[in-house]
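Input: a single structure, listed below in C-alpha cells.
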Amino acid sequence: MLKRLRLKDFKSFVDEQVTLAPLTLLVGANASGKSNFLDAIQFLHANSFDLDLEQILNGEQRASPNAWRGLRGGAPEAARLGTSRFTIESSWSAQILEFFDVLDSDDHPYHEITVNLDHRMTCRTVPQPLLEAESLTSGEGQVPFETGALRGDRIEVPMTHLFGDTVPETRLLSAHRSVLLWTHQAARFGALVLPSSPGLTTALTHIGFLSIQPAAMRGYGRRGAPLGVDGSNVSGVLAQLCDEPEAKRGLVDWLAEFCAPEITDLDFVEIKELGDVIAMFVEKGGKRISARSLSDGTLRFLGILLALRTAAPGSVLLMEEVDTGLHPTRIRLLLEYLETVTREREIQVIATTHSPVILQWLSPEALRSTLVFGRVPEHEGTLVRRLGDLPHFDEVAKHKGIDELFTTGWMEMAL
C-alpha cells in the first residue's frame, strides 16, 4: 500500500505531504490539484517500465495503443512554474518473499514478510529530463541505495561485490532513468551488482489507472483476457467469473440491488468458432437485455466492480470522478463495495469526486482519511490536508452535516 506521498515543486505543489488509506477520496474545486496528485503516482508507476525520464514525462514516440502517453503537460510543465526540478517522496508497505537457506523437506522454501520502504526521487526537467538524486530506505534502517553526485548526464551509484567483498564501489550510470529500473533488471557490471530493491518495483508495477468507458463495453469479449483499463472486455470477464456458481451469485446480488428493473440472472451468447462472448442480463419477469443496451451508469458500476474484483492483491487503482453517471441512491452501493473490497482483497483505491453524496456514505474512518485540495490567495500552490486533520472538523460536521461542509466551501476555507 502507498502510505505517504510528499510532492515538492511538482506541478501545482510547493511542498505538501499527506498519508493515504486503503480507500482515499480526493475532493476539492476544479483545478485545485487533484489530477496533479494522481499524475505524481502515475509518474512513479511509469518508472517500473523500460522507459527513460524523457519518455515518462513526454510519452513514447511510437504508434501503438499500448504506448505510454506521458504526463499531462509533459516535461515543460512537470516542475512548478518558476522551477526546473521536482521531488517525489513515497512510503510503501510491501510484501516480499524471504527465502530460507536450510529447510526440512516438508517445509516451504520461503515465507512472506511485510517491509516498509521509503523512496525519494529528484528530477531535473530542463534542458532535458535527468535524475539528480534517488534513494531507497527500508524501515529497518537499511539503505539499498542512495545516489551520489550528478556528473553531466551520468550519476554516481554505489554497488557491491558479488564475491563477498562488503566494501561498496561507486560507478557512473545513465541519469536518463531511475536507478530502480537498473535494480529491477538485476543489472551486473562485471563483478559488481546493484543493491536490490525488493518489493518496491513490484508495487509500482501494480499501480493502475482506471478509465471505464461505457461506449467501449457494449461489444463482444473474450474469456481469459483482462478487463482492460476502459472495461472493454466486460463480457469476457463476466463469462469467466460466472463459471463459478458462487461468484455468479455474488455478481447477480450486486446487480439486483443496483438495477431497476431487478436483475435476476446472467447468461451469455457465445460464438464458439471465434471465441467471442457477450453478456445477457435477465430481468425479473424473464426479459433478456444484452450488454449493448445497458445504461452508461450500469456499465460504469459493473466495470468498477469487475476491476476491483479481478485486481491482483497489492494493486493501487487510480480513478477520476468515481461516481460519474451514478444516481445518488446508487452511490451507497458503490461506496459499500469500495470499502469492502479494499479491506478483504488488500487493494488500494485513490479516486477523485465532486459529489457531496459520496462523502455521506463513507465510514467515519474513510471520511477522516479523505484528502481536501485547495488554492488560497495567501498561499502559493496547492494545499492538501486530510479531512480529519482540519480544525474542529468532527464538531462542525456533527452540527452542520458533511454535505453542507462540501457545498458551502467550508473545507477549502478550513485549509
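The values are calculated or read from the model by the stated rules, or taken from the named source; none is laboratory data. Note that the structure is a prediction, hence the values are computed from the model and not measured. Cβ coordinates were reconstructed from backbone atoms using ideal geometry, including for glycine residues, and neighbour counts include every protein chain displayed. Side chains are part of the model used for accessible areas, which takes the heavy atoms of the whole protein and leaves out ligands, DNA and RNA. Shrake-Rupley method; radii C 1.70, N 1.55, O 1.52, S 1.80 Å.
Could you list, in sequence order, all residues of segment 256-267 that are in contact with a helix residue (DSSP H, G or I) (Cβ under 8 Å, 6 or more places away or on another chain) and modelled with pLDDT of 90 or more?
If the condition is that a residue be in contact with a helix residue (DSSP H, G or I) (Cβ under 8 Å, 6 or more places away or on another chain) and modelled with pLDDT of 90 or more, then Ile263, Thr264, Asp265, Leu266 are the ones that fit.
For segment 155-178, which residues satisfy the criterion of being at pLDDT 90 or above and charged (D, E, K, R)?
The answer is Glu156, Arg177.
On the basis of being crowded, with 17+ Cβ neighbours inside 10 Å and farther than 24 Å from Trp92 by Cα, does Ser369 make the cut? I'd like the intermediate steps shown before the answer.
Details: crowded, with 17+ Cβ neighbours inside 10 Å: yes; farther than 24 Å from Trp92 by Cα: no.
Considered against the rule, which asks whether it is crowded, with 17+ Cβ neighbours inside 10 Å and farther than 24 Å from Trp92 by Cα, Ser369 comes out as no.
What is the number of the single condition among (1) touching a residue at least 60 places away in the same chain (Cβ under 8 Å); (2) over 16 Å from Thr298 (Cβ atoms); (3) assigned to a loop (DSSP other than H, G, I, E, B) that Gly231 does not meet?
For Gly231, the exception is condition (2).
Given (1) open to solvent by 10 Å² or more (accessible area, probe 1.4 Å); (2) in contact (Cβ under 8 Å) with a residue 12 or more places away in the chain, where does Gly374 come up short, assuming only one miss?
(1)
Return only the number of the condition from (1) modelled with pLDDT of 95 or more; (2) part of a strand (DSSP E or B); (3) within 23 Å of Leu333 (Cβ to Cβ); (4) among the β-branched types (Val, Ile, Thr) that Val237 does not satisfy.
Every listed condition holds for Val237 apart from (2).
Quick one: would you say Ile289 is of a type outside the set (Gly, Ala, Ser) and within 19 Å of Gly221 (Cα to Cα)?
yes
This table checks each residue for (1) under 30 Å from the mean Cα position of the chain (by Cα); (2) over 30 Å from Leu204 (Cα atoms); (3) surrounded by fewer than 18 Cβ atoms within 10 Å (Cβ to Cβ).
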{"position": "Ala239", "(1), (2), (3)": "yes, no, no"}
{"position": "Asp267", "(1), (2), (3)": "no, yes, yes"}
{"position": "Glu270", "(1), (2), (3)": "no, yes, yes"}
{"position": "Ala291", "(1), (2), (3)": "yes, yes, no"}
{"position": "Ser295", "(1), (2), (3)": "yes, yes, yes"}
{"position": "Leu308", "(1), (2), (3)": "yes, no, no"}
{"position": "Pro313", "(1), (2), (3)": "yes, no, yes"}
{"position": "Val316", "(1), (2), (3)": "yes, no, no"}
{"position": "Thr329", "(1), (2), (3)": "yes, yes, yes"}
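I'd like the full set of residues that are assigned to a strand (DSSP E or B) and not acidic (Asp, Glu), limited to segment 137-158.
Thr137, Ser138, Phe145, Leu150, Arg151, Arg154, Ile155, Val157, Pro158
Within segment 244-265, which residues are open to solvent by 30 Å² or more (accessible area, probe 1.4 Å) and either touching a residue at least 12 places away in the same chain (Cβ under 8 Å) or over 29 Å from the mean Cα position of the chain (by Cα) (or both)?
Residues satisfying the conditions are Pro245, Lys248, Trp254, Glu257, Ala260, Pro261, Glu262, Thr264, Asp265.
Kindly establish whether Ile113 is at pLDDT 95 or above and aliphatic (A, V, I, L, M). Spell out the reasoning first.
On the way: at pLDDT 95 or above: no; aliphatic (A, V, I, L, M): yes.
Considered against the rule, which asks whether it is at pLDDT 95 or above and aliphatic (A, V, I, L, M), Ile113 comes out as no.
Out of segment 81-104, which residues are under 17 Å from Leu131 (Cα atoms) and either at pLDDT below 95 or open to solvent by 90 Å² or more (accessible area, probe 1.4 Å) (or both)?
Step one: of segment 81-104, the residues under 17 Å from Leu131 (Cα atoms) are 83-90.
Within segment 81-104, just Arg85 meets the criteria.
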